[in-house]
Structures are given as structure tokens and as C-alpha cells.
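The values are calculated or read from the model by the stated rules, or taken from the named source; none is laboratory data. It should be emphasised that the depicted structure is a prediction, and the values quoted were computed from it without experimental measurement. Here the Cβ is made from the backbone with ideal geometry for all residues, glycine too, and neighbour counts use every protein chain on show.
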Amino acid sequence: MKKWYLMILVLFIALLAACSSEANNSGGENETEDNTQDSNEESKYPNKQIELVVPYSPGGASDMVGRTVGSFMEKELGVPVVVTNKTGGTGAVGMSYVEGKNPDGYGIGYVPVEMSMVKALGFADVEPANFELLGRAIVIPAAVTVPADAPYDTIEEFIQYAKDNPGQIRVGNSGTGSIWHIAAAGLAEETGAEFKYVPFDGAAPAVAALLGGHIEAVSVSPSEVKANVDGGDLKILAVMSSDRDPTFPDVPTLIESGIDLEIAAWGGFAAPKGIPDDVKSVLEEAVKKAVASEEFQTVSTERGLNASYLSAEEFTDFASKQFDFYNELIPNMDLQ
Amino acid sequence: MIDALMQVLQPSVFMYMIIGVILGVFIGALPGLTATMGVAILVPLTFWLQPQEGLAMLIAIYCSSIFAGGIPAILINAPGTPASMATAWDGYELNKKGQTGLALGINAIYSALGGLVSTIFLLVAAFPISRVALSFGPPEYFALAIFGLSMMISVSGKSIAKGMIMGFIGLFIATIGLDPILSYPRFTFDNPNLLDGISFIPIMIGLFGLGEVLSQILESNKKEKVKKIKVGRIIPNKQERKQMRKPFWFSSALSTIIGAIPGAGGDIASLISWEQSKRFSKKKKEFGKGSLEGLAASSTANNAVIGGAFTTMLTLGLPGDSVTAILIGALMMYGMQPGPVLFTDHVDFVYVIIILLFIANLIVLFVGLAGANLFSRIMLVKREFIWVAVILFSIVGAYALNNSYFDVWVMVVSGIIGVILRKLDFPLGPLILALILGPMAESNLRRSLSMSLDGTAAYFFSRPITVTLLSLAILSLVFPVIKNVIKKYKTKNS
């Protein structure tokens, strides 16, 4: 008698285990079925879980944007949107993964600025033309950040210091060939200063190394240093956007300081090439609504990201221009 | 503080916390479902809750899933999360000796205590701890990884040569994929699945879940004997508690700091704590063969990491591990930016988190002890049923990790290799060790070299922590050799 009871217990646990990974699926299906009972349930998109691939590790700006938009899309589309982080290769791993996904709309991805850079860098054969772009969500300028007690208070002084001490300024970034690496290299190229570049596995460890005094500067996004700038441990010398960053209105742009350079990261959403038009328009609409949502606006302001929507068409055009820009810029840079 | 207590002491907060603990136990106990995954999935669901309710649930999941990872490690030698790798080494042996209840009891008690002590550290020394964590730059990470790798010998079992072979195979597997500094593809054979390397968790599930079951099935043909398993007592007696006191305090302190270091988490902490407790133990020989000290060290360590990880998250706004990376996002959704400013602008909220951590650990203790009897009863079930269940869990777990069939294949192949390795008596510990620490050692060595101003290795020797850790690593390698030589010399003379 007792034995039977235990057997049932084990079987129950086994079933539960099977469900815990499938629970999302079935839950989602039921929901859509409720919504579309009269229409043909099988073919109506979406009717199962959507995978949203973020090509960077959890916690960073890209992850945040991916997850916020993902959670909004979940409500909007009525199916679970599961965010998976596929990191490595400056985002190339995650993007290649999305590129190779079945073009059915159930595998989409967050695509960062690196999409238009990795080919020029020779990392992977990823370029905007390989994807169906769904819409841009954000733009984030690079911010040159140093410890609060550093001997320079302006970007001019910093550049002068770097010129006086060639090779002594170590600038941390979020990975070789990442946009923040290119930003620092672009600054060196433009001003003639000489930096040493230290690639980290994401921006957070680079900021940690700066706080610990292991490197002299980081070029990452304002949001990634906000907590510690507010806390008084770090200071931002300049941002690389055309206009001042709304999060830090007191920080000058490079252009104001007479350095003609504008480098910003951006992020949007993309699907594999060849998804059906009706599916694409459902996703485009979801991205558009997600970016316009109050939730997204709050989160992006809170985290110092600049929500900046571009429609699928505009985004496609923008990304291909960026692709041309980096393909001209990067081969001339000394990145090692 | 009073305000914070008032916020937390509400029935709804407790309700969400208990839901979180129960979910966490399942997530932790099933290999392949990790704490990170559990928290990530639930974050979007907590937004419609009050901040203290949502955080109660997330913190409860985090604490209980790390604790629960030890349960399958003890019962079936398959760690539920990478952080309970070392729990299996001693816990499963204790289970085989019939001390199942005691092993589960120790896992529950010391997980909770480790969590509580690290929370106290967070309460009283958050800023000093975060300063220590920041003093770890790339050279220190490299040294820490080498220090950890030096224990390869001590987890090699009978044959050091076999252990080394396994270790180097592990290091080799760790190099597959895009290289961490220049992103150059290595051994990928143009297969995109290999670009990101072979993930560690499917290998672990294969070797320890599927592999264990397959070898038990093969063994069972030879000797068919029905063992009567008694749960036995759960609470350790006074003498045992005394024995475990030292590894407990040691692991708590060490793991809080390892947890605070960004990028080093429960897996590394429990391995290093286990090894160091062994080094300082009077009963070194028992480690890996059912040592209570070893079990206490690893159980304490993986939960003590949590306090450390929260310290870094709250004081610096930087993730201490992958779970806190997700929690930072959750906090921001509630309008709280973790970082130094949190302590001046929203200090009440910091207290809310600390109180929640305390309560979560107490519930883990309660659930762990109350459930020990129930969990261990699983062992009374016919072995065939357990086998089927484990195989099922292994497949589901490997797939659920990244929703990838490639991972399932990695798991199955690892399982089959696991059987062969067990047959040939190759130890699995060094392989796992190398897989966890290899990437950390490589990327930080190369990062350090790119940081060194003159491009030489001299950079390492100007840094005290690095020098200390590297010296300790060398000592731990050389010392046994010297000891052996002296021993031989002595026996020759006498």
C-alpha cells in the first residue's frame, strides 16, 4: 500500500518536471485558443512560446531592453516570450543563432549596433541585410568615464594626459570589437592620443575594474555607470552623441569639445530572413507598441537609455548606413 | 528598520515567500533548471506585485533552489545545480552508508546557516566587503582560478595521472568556441552550435545524472540485492556539530567574499571551500568518502554566496553573480537603482531586502528539515522507477537550459562517456573543475597581459593578492610531494 503511494509520488514529480518546461507552452496555447476560438487555431500566429534571443549576458542594457520589450510582447501577443541569453563573439553568437532560426516568427532576437560591425571586424558573417528588421528601440551614446579622483576634469585634459603618457591609459570595454571598444579607438584615432584597450566580458566587469582602480577609464554607456556616478565614485568626461544625454545634462558632448566624433550604440529587434509577411507585421506592431508603452519609457529613463523608435523600414535603412560607416571606419583603426 | 519590518511582516509577503520556496525547491532539485533560470522566468510575473512581495518570491526562489540542488546530489549523486557539485562528493557517500537523513539534515541546516551568516555580513559590513571584492582585478581572478585548479590533484581520487588526464580534457573542452579576448573561433568546425562552446551544465547532467543511472543499471545485473534503507536521524548530534563548526565558519566567510566578487559564484565558492576545509581538517582522508565536514563546507558555501552577491549588487549596483544580474533589473523596475545611492535615498529598502533574506533562509531551514523525511523516502522507491525518473529529468533539464537539442545530445554523449569513465575508474571531479575554472583562468590571464603596461608577466608580481593566491597554489602542488619524500626518507631510515 505504502509502496504504491510512493510510486505515484515519483510519477507525479516526473510529470511535474515535464510540465515545468512545457508549462509555458501549454499555458500560452490555452490563452490563444480562448482568444481565437472561431478561427483556425493551429495556423494563427502566434500560438506557442516565442524565443527572444539577447546576444549579451543578463543584467546589461541590452538584456534590460530585451526583457522589458519581451514582457510587453508577452501581454500583447498572449503567448510566453522567453528571453534567452546567448553570449559570445561580441554578440555574433546570438545573432548568428537568430539568423539560423526557422523563419516562423517563434525565434526572434535583440540586435545591437554590433550587427553592423562584426563583419568589418572579421568576427562573423553577420550583417543587417541577413535579417528582417522589426524596429529600433533605443540609442545609447558612449560615455568616457573615469574615477572621480582622477587628475583630469574635462575631456581635453584627459586627452592631453593620454598624449603626455602614451600607452599608460587603459580603457576598459565590453569586449574586443564591441561598440565601446570602437568608441575608445575612434577617440584615439580622432585626437591622436594613445590608449591600451582592455576587453571584458560585458560592461559590468569593466566598470567593476574601474572602481577597483585596475584600469584608468571605461568607454561604456551612461546607464552602466550611472549608479556609481550618482554615488560619487566615478565621473563622466564626455558623451559621444550629437546632443547631450538627458540622464546627464551637465556632461558635454565630444562635438562641443571640438572633437568631431559621434558614436552611439543602438538596439532593435530582428527576425530571421524569410518570415511570412503577416507574421512580420504582427511582430513589428508588437515592437512598436512595446517601445511606446509607459513601462518601456519608465524603464529606459530609469536606466538612462534613450528610447528612440524607428519603424522597420527606417531601421533597415539606418542599419545599412551604419554598416557602411563602420566598414569604412574600422579597417583604419588600430584595435590591438 | 522598523518601517522595513512593518513592510515585510504581512501575510501576503509570507505567502509569496512560501510559494517561492516551494518553486525553488523544484527548480533546484531538478538538474538543468537553475536558480538563474527560475528567477529570470519569474521576474516579469512579479511586476504586478508590491516590491516587497515580488522580492520576497524572488529571494525565496534564489535561496531555496541553491539549497535544493543538494538534495538530488545526496540522493542520486546528480547535483541539481552546479553549486552543489561538491555536496555530491560527500553527501552521496553518506547516503550509501545509510545516513541519508543526516546528510539531508546537514544540507538543510548548513545551507540556511550559511545564508544567515552571509546576510549578517551584508548587514554589518556591506561596504568593506564590496571594497575587498573590487580589489579583485583580472590578475586576481586569474590567480583565484589557478588556485582553484590546483585542487585538481586532491579530487583525483586513487590515481593522480588519471585525474590529470581528465583535468586536461576538461581544459581542452573549455577552449572550444570563440576565444574570450579576440573572438577567434577555435575547434568549432564551422558548426554554429559550437561557437559559444559546449555548455557546462549539460555535461554535468550527463556525467552525473544519466551516467550514474546507466552505470547503476549495468552494475545491477551482477549483484541483485535489496537494500533496506533507513532514513535515520536528521539532526547532527553535539559532537558532529562541533566537528563541523570550523568548516562552517570558514566557508561562510570565504564564500561571502567569493560571492561578492563579480563573476564568481556558488560553483567556485563551494569547490574552493570544500578544498580549503579539507586542507585544514584533521580528518583529510574522509573528504570525498562521506565526510560531515566536507558536506557542511559545501552546503554552507553555496548559500553563503548569496549574501556576498547581494552585497555587491546593493553597494555597487553591479551583479555579484548571474542571479543578482537579473535582480538588478527587477529592482530598477520597482524604481530602485541599486548602488551607493540606495543606501542614502532608500535605506529602508535595503533593510527590506536584508529582512527578506533572513526570513527566506529560516523558511529554507524549516522546509529542509521538515522535508528531509519526505525527500529521503524517494530512496525507498524501487530503483527502476528512480532510473526512469532521472533519465526523464536529465533530458528535460538539458533541453530546458537553452531550449536546444544540441545540449540534449551533449548530455547523452556525456552520459555514455560517464559510464565508460566510471568503468575505467577515471575520476570526474577534475573534469568538472577544469570546465568551471578553465575559461576564467584563460580569459583573465590574457586580459591581465593586455593590461600590463609593459606587456610582461611582471605585472602579476606587483599585486599582493595575486602573489599570495599563486603562491598558495604552488605550495598546495609542491607540499604533498615534499611530504611524500620526507615520509619515504623517514621510513627508509627507521
B:Lys282 fails exactly one of (1) part of a helix (DSSP H, G or I); (2) surrounded by fewer than 20 Cβ atoms within 10 Å (Cβ to Cβ), namely (1)
When A:Lys101 is run through (1) touching a helix residue (DSSP H, G or I) at 6+ places or on another chain (Cβ under 8 Å); (2) in contact (Cβ under 8 Å) with a residue 12 or more places away in the chain, the failure sits at (1)
Filtering segment A:150-188 for residues that are buried (at least 23 other Cβ atoms within 10 Å of the Cβ), away from chain B (no Cβ under 14 Å) and more than 22 Å from A:Ile140 (Cβ to Cβ) leaves a count of 1
Within segment B:316-335, restricting to residues that are facing chain A (nearest Cβ under 9 Å) and in a loop (DSSP other than H, G, I, E, B), the one that is surrounded by the fewest Cβ atoms within 10 Å (Cβ to Cβ) is B:Gly335
Considering residues that are surrounded by fewer than 24 Cβ atoms within 10 Å (Cβ to Cβ), touching a residue at least 24 places away in the same chain (Cβ under 8 Å) and either part of a helix (DSSP H, G or I) or in contact with a Phe, Trp or Tyr (Cβ under 6 Å, 6 or more places away or on another chain) (or both), the number found within segment B:408-428 is 10
Could you check, for segment B:173-187, whether at least one of its residues is more than 14 Å from chain A (Cβ to nearest Cβ) and out of contact with any helix residue (DSSP H, G or I) (no Cβ under 8 Å at 6 or more places or on another chain)?
no
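Yes or no, residue by residue, for (1) touching a residue at least 12 places away in the same chain (Cβ under 8 Å); (2) facing chain A (nearest Cβ under 10 Å); (3) in contact with a Lys or Arg (Cβ under 6 Å, 6 or more places away or on another chain); (4) not in a helix (DSSP H, G or I):
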residue	(1), (2), (3), (4)
B:Ile359	yes, no, no, no
B:Ala370	no, no, no, no
B:Leu374	no, yes, no, no
B:Arg377	yes, yes, no, no
B:Ile386	yes, yes, no, no
So, first residue touching a residue at least 12 places away in the same chain (Cβ under 8 Å) and among the charged types (D, E, K, R) in segment A:168-180, second residue outside any loop (DSSP other than H, G, I, E, B) and crowded, with 23+ Cβ neighbours inside 10 Å, Cβ within less than 6 Å, six or more apart or across chains; the pairs are A:Arg170/A:Val198
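Every residue, every condition in (1) out of contact with any Asp or Glu (no Cβ under 7 Å at 6 or more places or on another chain); (2) modelled with pLDDT of 90 or more, yes or no:
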| residue | (1), (2) |
| --- | --- |
| A:Pro166 | no, no |
| A:Thr176 | yes, no |
| A:Thr191 | yes, yes |
| A:Gly202 | yes, no |
Among B:Ala434, B:Ala473, B:Ala457, the single one that is modelled with pLDDT under 85, within 30 Å of A:Gly175 (Cβ to Cβ) and away from chain A (no Cβ under 14 Å) is B:Ala457
Scanning segment B:155-193 for residues that are in contact with a strand residue (DSSP E or B) (Cβ under 9 Å, 6 or more places away or on another chain) and of a type in the set (Lys, Arg) gives B:Arg186
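Residues are listed down the side, and each one gets a yes or a no for (1) among the basic types (Lys, Arg); (2) more than 14 Å from chain A (Cβ to nearest Cβ); (3) surrounded by 24 or more Cβ atoms within 10 Å (Cβ to Cβ); (4) in contact with an Asp or Glu (Cβ under 9 Å, 6 or more places away or on another chain):
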{"position": "B:Ile19", "(1), (2), (3), (4)": "no, yes, no, no"}
{"position": "B:Val39", "(1), (2), (3), (4)": "no, no, yes, no"}
{"position": "B:Tyr62", "(1), (2), (3), (4)": "no, no, yes, no"}
{"position": "B:Thr81", "(1), (2), (3), (4)": "no, yes, yes, yes"}
{"position": "B:Gly91", "(1), (2), (3), (4)": "no, yes, yes, no"}
Taking B:Gly157 as the residue in question, decide whether it is under 24 Å from B:Gly429 (Cβ atoms), buried (at least 19 other Cβ atoms within 10 Å of the Cβ) and out of contact with any His (no Cβ under 9 Å at 6 or more places or on another chain). no
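Could you tell me whether segment A:43-60 includes any residue that is part of a helix (DSSP H, G or I) and among the small types (Gly, Ala, Ser)?
Of the residues in segment A:43-60, the ones part of a helix (DSSP H, G or I) are none.
No: zero hits.
Conditions tested, residue by residue: (1) within 21 Å of B:Ser111 (Cβ to Cβ); (2) of a type in the set (Lys, Arg); (3) at pLDDT below 90; (4) not in a helix (DSSP H, G or I).
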{"site": "B:Gln7", "(1), (2), (3), (4)": "no, no, yes, no"}
{"site": "B:Val21", "(1), (2), (3), (4)": "yes, no, no, no"}
{"site": "B:Phe26", "(1), (2), (3), (4)": "yes, no, yes, no"}
{"site": "B:Gly32", "(1), (2), (3), (4)": "yes, no, yes, yes"}
{"site": "B:Leu42", "(1), (2), (3), (4)": "yes, no, yes, no"}
{"site": "B:Trp48", "(1), (2), (3), (4)": "no, no, yes, yes"}
{"site": "B:Phe67", "(1), (2), (3), (4)": "yes, no, no, no"}
{"site": "B:Ile74", "(1), (2), (3), (4)": "yes, no, no, no"}
{"site": "B:Gly80", "(1), (2), (3), (4)": "yes, no, yes, yes"}
Per the filter on segment B:402-421, residues under 21 Å from the mean Cα position of the chain (by Cα) and facing chain A (nearest Cβ under 9 Å) are B:Asn402
* Asked: Does A:Thr191 satisfy the criteria of being in contact with a helix residue (DSSP H, G or I) (Cβ under 8 Å, 6 or more places away or on another chain) and within 13 Å of chain B (Cβ to nearest Cβ)?
  -> no
Of (1) within 14 Å of chain A (Cβ to nearest Cβ); (2) crowded, with 21+ Cβ neighbours inside 10 Å; (3) assigned to a helix (DSSP H, G or I), B:Val132 fails just (2)
Considering segment A:100-141, residues that are among the charged types (D, E, K, R) and surrounded by 24 or more Cβ atoms within 10 Å (Cβ to Cβ), and then whichever is modelled with the highest pLDDT, we arrive at A:Arg136
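I'd like to check something: does segment A:304-315 contain any residue that is surrounded by fewer than 17 Cβ atoms within 10 Å (Cβ to Cβ) and either at positive phi or not assigned by TED's automatic domain parsing to the domain that holds A:Ser96 (or both)?
Narrowing segment A:304-315 to residues surrounded by fewer than 17 Cβ atoms within 10 Å (Cβ to Cβ): A:308, A:311, A:313-314.
Those still in the list that are either at positive phi or not assigned by TED's automatic domain parsing to the domain that holds A:Ser96 (or both) too: none.
For segment A:304-315, residues surrounded by fewer than 17 Cβ atoms within 10 Å (Cβ to Cβ) and either at positive phi or not assigned by TED's automatic domain parsing to the domain that holds A:Ser96 (or both): absent.
Among what's in segment A:244-255 and is touching a helix residue (DSSP H, G or I) at 6+ places or on another chain (Cβ under 9 Å) and not aromatic (Phe, Trp, Tyr), pick the residue that is surrounded by the fewest Cβ atoms within 10 Å (Cβ to Cβ).
Let us first name the residues in segment A:244-255 that are touching a helix residue (DSSP H, G or I) at 6+ places or on another chain (Cβ under 9 Å), namely A:245-248, A:251-252, A:254.
Restricting the remaining residues to those that are not aromatic (Phe, Trp, Tyr) gives A:245-247, A:251-252, A:254.
Values: A:Asp245: 23, A:Pro246: 10, A:Thr247: 23, A:Val251: 21, A:Pro252: 16, A:Leu254: 26.
Per the stated criteria, the residue is A:Pro246.
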Output for Cβ contacts, cut-off 7 Å, separation at least six or different chains, first residue within 13 Å of B:Val367 (Cα to Cα) in segment B:59-76, second of a type in the set (Gly, Ala, Ser) and not in a helix (DSSP H, G or I), reads B:Ala68/B:Gly80; B:Ile71/B:Gly80
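Restricting attention to segment A:259-279, which residues are surrounded by fewer than 20 Cβ atoms within 10 Å (Cβ to Cβ) and in contact (Cβ under 8 Å) with a residue 12 or more places away in the chain?
First, pick out the residues of segment A:259-279 that are surrounded by fewer than 20 Cβ atoms within 10 Å (Cβ to Cβ): A:259-262, A:273-274, A:276-279.
Hits for segment A:259-279 are A:Ile259, A:Asp260, A:Leu261, A:Glu262, A:Lys273, A:Gly274, A:Pro276, A:Asp278, A:Val279.
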* To do: Scan segment B:259-277 and give yes if some residue there is part of a helix (DSSP H, G or I), surrounded by fewer than 24 Cβ atoms within 10 Å (Cβ to Cβ) and more than 14 Å from the chain's Cα centre (by Cα), otherwise no.
  => yes
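Tell me which strands (runs of 3 or more DSSP E) are completely within segment A:223-336 and hold 2 or more residues being β-branched (Val, Ile, Thr), or say none if there are none. Spell out how you get there, then give the answer.
Values: elements: A:234-239, A:264-272, A:306-310.
Fully inside segment A:223-336 and qualifying: A:234-239.
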